[in-house]
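The values are calculated or read from the model by the stated rules, or taken from the named source; none is laboratory data. All of these numbers come straight from a predicted model, not from anything done at the bench. These area figures cover heavy atoms from the full protein model, side chains too; ligands, DNA and RNA do not enter into them. Shrake-Rupley method; radii C 1.70, N 1.55, O 1.52, S 1.80 Å.
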Amino acid sequence: MNVPFLNLKTQYTNLKSDIDNAIANVISDTAFIKGKYVDQFEKEFANAYGVKHCIGVANGTDAIYIILKMLGIGQGDEVITVANTWISSSETITQTGAKPVFIDIEPDYYCIDPLKIEAKITSNTKAIIAVHLFGQANNIKQLKAICQKHNLFLIEDCAQSHFTEYDQQYVGTFGIASTFSFYPGKNLGAYGDAGAIITNDDALALKMRMYSAHGALIKHQHEMEGINSRLDGLQASILSAKLPNIKQWNEQRIQHAALYSSLLHDVKDLVIPVVRENTKHTFHLYVIRTALRNELQNYLKEHGIETQIHYPVPLPFLKAYRYLNHKPADFPIAYQYQSEILSLPMYPELKKEEIEYVASSIKNFFSKK
Ligand SMILES: *Cc1c(COP(=O)(O)O)cnc(C)c1O
């Protein structure tokens, strides 16, 4: 049996007429940039989250940059983020002129460790970017308390956590503004690059909308210089066609995760995901840990099972951040886990037999140890 890490084709096949119609409508209306399909998706996404504003942008990375920039963050400022995530969190901080300050991860939940934040706060610290990684909610209560105490903005990166819940409230609705990526493999994915920002702050929303479109709300009336980061009509229309299914897709992921966990929980030397209390983890990724990670990954590959690593090198140890002179001891958990974490195949259309095959292959591997 072959189990790919991701399968986007089955989802397309299941929704083919909806998607094909969505694409055809945009083309026949020639509503390629901005226009009614973008307006419609922005409204639908804001409604789904119960927030006042959604601003469609070109991708999830720009979304972070636009928030930071319109919060006035720049040269001389510091922004705190997490050591193990995708580079968007830190590269956008640098792009504004500010300095990224990394914090180690929680041993159980893989999110920023609130207990390690306060020691890194200085008079220059302006914001915390929390990444709800793998679909797991951060410890919002502690993060909010820290932000309130030190007068910092909380920005939530929800690229891997569409409709994840914390205390029965969607993540992405706790901070000043939140970002989404609709990269094709995300829980809600477009057919190309796409992203969005949500916020309840009217003034900030207006500025971000303006900045993302060359600093103009009305064509040729540039109130400032901006960037070109627009959501296009085709992506918006495809996202509108997919949005009604996201909750069901998340439930399928949650069921798949439960099946993996029930089959793997008693494997010695293997750690399965732990879900934070009072949260709904939406399992963008199902990440296990073992000291025999490389060996296990090769074994699974030989048995037709594709896995990935998120991420092979924590941000502070990348060549890009060598100038910060970080040592393994600065981020002991992220450093240890980089050689232990392994992401198993996970997508809504995964079949029960495939999950059972992956689990039994893992068990066979460990039984020979
Ligand atoms: C995918 C991702 C992003 C970036 O999104 P793009 O749309 O690819 O720019 C940012 N943060 C995290 C955690 C992601 O997984």
Counting only heavy atoms of the protein chains, get the accessible area per residue of the stretch 24-106 (1.4 Å probe) and round it to a whole Å² value. 36 Å²
What aspartates and glutamates sit close enough to residue 219 to cross-link, taking a C-alpha to C-alpha distance under 17 Å and skipping anything fewer than 8 places away on the same chain? 39, 232
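From the P(r) of the stretch 100-176, could you give the percentage of C-alpha pairs in the tail past 22 Å? Spell out each step's value before the answer.
Numbers: 465 of 2926 pairs.
So the portion of pairs separated by more than 22 Å is 16 percent.
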First obtain the Kirkwood hydrodynamic radius of the stretch 126-215 from its Cα pairs, then insert it into the Stokes-Einstein equation at 20 °C and 1.002 mPa s, and state the resulting D in µm² per second as a whole number. 156 µm²/s
Largest-first principal axis extents of the Cα set of the stretch 162-206 (Å): 30, 29, 8
Enter the per residue convex hull volume of the stretch 1-115, computed from alpha-carbon coordinates, in Å³ rounded to the nearest integer. 188 Å³
Calculated diffusion of the stretch 161-269, Stokes-Einstein form, Kirkwood radius summed over Cα pairs, 37 °C and 0.692 mPa s, µm²/s: 198 µm²/s
Once you order the gyration tensor axes a ≥ b ≥ c over the Cα atoms, which shape class does the stretch 232-365 get: rounded for a/c under 1.5, otherwise prolate or oblate by comparing a/b with b/c? oblate
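From the cross-link list 120/141; 34/144; 120/319; 36/141; 319/363; 242/352, which pairs have alpha carbons spaced over 26 Å apart? Spell out each step's value before the answer.
Values: 120/141 19 Å; 34/144 34 Å; 120/319 22 Å; 36/141 38 Å; 319/363 36 Å; 242/352 23 Å.
Over 26 Å apart, Cα to Cα: 34/144; 36/141; 319/363.
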DSSP beta bridges in the stretch 1-133, what fraction antiparallel, as a percent rounded to 5? 10 percent
Percent accessible area from carbon and sulfur atoms, the stretch 1-108, protein chains only, probe 1.4 Å: 52 percent
Hey, what's the Kirkwood Rh for the chain if you take every pair of different alpha carbons, in angstrom? 21.3 Å
Just for the chain, what percent of DSSP beta bridges are antiparallel, to the closest 5? 60 percent
Students often forget the sequence filter, so: which aspartates and glutamates lie under 16 Å Cα-Cα from residue 351 once same-chain residues fewer than 8 apart are removed? 251, 306
Using the structure shown, select from 69/99; 43/186; 116/327; 9/280; 268/301; 247/280 the pairs with a Cα to Cα distance greater than 18 angstrom. 43/186; 9/280; 268/301
Solvent-accessible heavy-atom area per residue, rounded to whole Å², over the stretch 174-290 at 1.4 Å: 42 Å²
Quick one: P(r) of the stretch 255-302 from all Cα-Cα pairs, 5 Å bins, percents rounded to integers, in order of increasing distance. 5, 18, 25, 26, 17, 6, 3, 1
